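The values are calculated or read from the model by the stated rules, or taken from the named source; none is laboratory data. What you see is a predicted model, and the numbers here were worked out from it, not measured in a lab. Glycine also receives a Cβ, built like all others from the backbone with ideal geometry; neighbour counts cover every protein chain displayed. Just so you know, the surface numbers come from the protein's heavy atoms only, side chains and all, with ligands and any DNA or RNA stripped out. Shrake-Rupley method; radii C 1.70, N 1.55, O 1.52, S 1.80 Å.
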Amino acid sequence: MNAESPARTKRKNKKKNGHKKFWQFGREEVNTAHFDIAPEGTLLVREGNYQYNVYDIIKKHGTPTEIFFPTIVENRVRDLIETFNAYIKVTGYRGRFHYHYPMKVNQNREFVLPAVAEGANLDVGSGNELFLVKRMVEQDKFNEKIRVICNGPKTERYMELIEELRGKGLIVIPIIEDMVELERMKKFKGEVGIRVDLSVKVASHWDKRFNRYGFTEEEILALGKIRNLAVLHYHISSQIERMDGFLQPLKRALALYAKMREKNPQLDTIDIGGGAGVPYDKRKRFYTGKSLINQIVKTAKKQCDRLGIRHPNIICEWGRYVVAPAQITIYKVLAEKRAYNKGGNSWYVIDGSFMNDLLDTWAIKQKWHVVPVNNMREKNLQRVWLAGSSCDSDDKYTSGGSYILLPRLADSDELYVAFCDTGAYQDALASHHCLLSSPLKLVAGNGEIKVARKRETAEEVGKQFGW
Ligand SMILES: *Cc1c(COP(=O)(O)O)cnc(C)c1O
């Protein structure tokens, strides 16, 4: 081994860390603590003392490919529950905390089971999602004490399934959404919840004062006594941008809760819904889960004490927060084209589609953190826009019209790119524009790579369209 002067080693390390810093790796607060760069300049993901070289994985399995890391879901669920319980203890809050994983955020078995294993209860939004819960119960996979909140419009089939599972001893809590359901629920034997459409605006993609779910505050108060009512539920929006967007609705809901308790003394739980965001844009400041939970518990306690009411149990249904950071999506860059814009951008054409695989790119102008999978130590970077493989001009990612910096194609034989935080919402929204195949889905856990969903063949895709 060659002896190196300490100064030289330090200089070298600094240079190494420079690339790590540039790609925003190793930062707990933006969920990249487990990302690193291998000596050969490829993307590494760590799981404790295991590590996965993403470049090696895709050289073996091809692209487009999604890699899911179950440990990340496990850690985030455990952390969330522990943090709520810790702040409940230190503030002297007297209600209990229940976490419910909202299945709609990612219904893949590989995502749901690790969450349940760490103590998550469930929240379903449709009869078909509840059907999956029934399957898990039948396979003896569940502790009977698991609690299931049922949101969304209740069709007859959905209602029958709710009754059936309740009959099997599961705690199933339907949330009343409208007058028809209120009537129907009079026959339901278990506890029920009701959803309020709070009159507040918060900064997020949905920034209107009202949505179309549940009852307005006035309507709920006019209902008076509601049979078996245990839960007051609200869900304001997703990817709420500021902490205030949680605290204002919470105060308002607790004030309503206090009034509802006069006619409904058995009401004992407030369900604050989802909405906790993830820092997709790693260069912007964003609240942390820990500080958010601290503020929520503090605010709930202060408001209840001010109103002179017993502290209700708290349910939270954060979905995106738990699963988004647990998956990355990888594409190969197929070709480069000039974009003919003022900034001198290039189009990098990828072997997958934003409209199909990362639909929110198109639907709500979702921003992503994009990093190269190889050539990560390259100094000369190119300003690029990314173009999907479908024939649609809208199938693109331009980072809001600016650019993404990536290595130059000319500097290596091949280039792969990874999109971070793709674990929330994208899978169930995925489609087949131009009949492109969905990405391969791999699970990386305990040091092993397993194929969860094979890459679709032309036959399989054609079959879905009657061929
Ligand atoms: C979508 C949804 C959630 C999850 O929202 P996130 O923003 O992903 O946390 C929770 N509850 C309800 C009722 C929902 O509709």
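At-a-glance table
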| item | result |
| --- | --- |
| Under-5 Å amide H pairs with residue 147, H placed in peptide plane, nonlocal only | 122 |
| Spin-label model distance (nm) - residue 17 vs residue 413, 7 Å beyond Cα toward Cβ | 3.5 |
| Dipole-positive endmost among 200, 246, 232 within region 156-247 (Cβ charges, Cα centre) | 232 |
| Gain in span if fully extended, residue 225 to residue 61, counting 0.36 nm per residue against the direct Cα distance | 53.2 nm |
| Where 378, 460 fall by accessible area, highest first, once all protein chains stay in place (1.4 Å) | 460, 378 |
| Spatial separation of Cα centroids for region 37-59 and region 209-240, in angstrom | 47 |
| Cα gyration tensor of region 335-467 - equivalent ellipsoid semi-axes, whole Å, descending | 26, 19, 14 |
| Set 104/154; 89/251; 168/463 screened for pairs whose C-alpha atoms are more than 27 Å apart | 168/463 |
| Accessible-area order (highest first, 1.4 angstrom probe) of the listed residues 42, 288 | 288, 42 |
| Per-pair calculated FRET efficiency, R0 = 45 Å: residue 460 and residue 183 via Cβ, rounded to 0.05 | 0.50 |
| Per-residue SASA entry for residue 35, accessible area with 1.4 Å probe, Å² rounded to 10 | 10 |
| Intensity falloff of region 209-297 expressed as log10 I(q)/I(0), Debye formula with alpha-carbon point scatterers, at q = 0.12, 0.15, 0.17, 0.26 Å⁻¹ | -0.44, -0.64, -0.77, -1.38 |
| Per residue accessible area of the chain, 1.4 Å probe, in Å² | 48 |
| Region 71-323, accessible surface, carbon-and-sulfur percent (1.4 angstrom probe) | 49 |
| Peptide ranges 55-65, 152-162 listed from the most packed, as the mean C-beta count within 10 angstrom indicates | 55-65, 152-162 |
| Accessible area, probe 1.4 Å, largest first, for residues 140, 36 | 140, 36 |
| Net dipole in debye of region 190-309 [+1 Lys, Arg Cβ; -1 Asp, Glu Cβ; about Cα centre; nearest 20] | 440 |
| Percent of beta bridges antiparallel (DSSP, the chain, rounded to nearest 5) | 50 |
| Net lengthening on full extension, residue 28/residue 467 (0.36 nm per residue, minus Cα-Cα) | 153.3 nm |
| At 1.306 mPa s and 10 °C, Stokes diffusion of region 43-129 via Kirkwood alpha-carbon radius, µm² per second | 103 |
| Net charge dipole size for the chain [Lys, Arg +1 and Asp, Glu -1 on Cβ; Debye, nearest 20] | 1780 |
| Taking the C-alpha atoms of region 71-323, convex hull volume expressed per residue in Å³ | 120 |
| Cα-based Rg of the chain normalised by 2.2 N^0.38 Å, two decimals | 1.06 |
| Test item: Cα-centred dipole of region 71-323, Lys/Arg +1 and Asp/Glu -1 on Cβ, debye | 760 |
| Rounded to the nearest 10 Å², the accessible area of residue 323 at probe 1.4 Å | 0 |
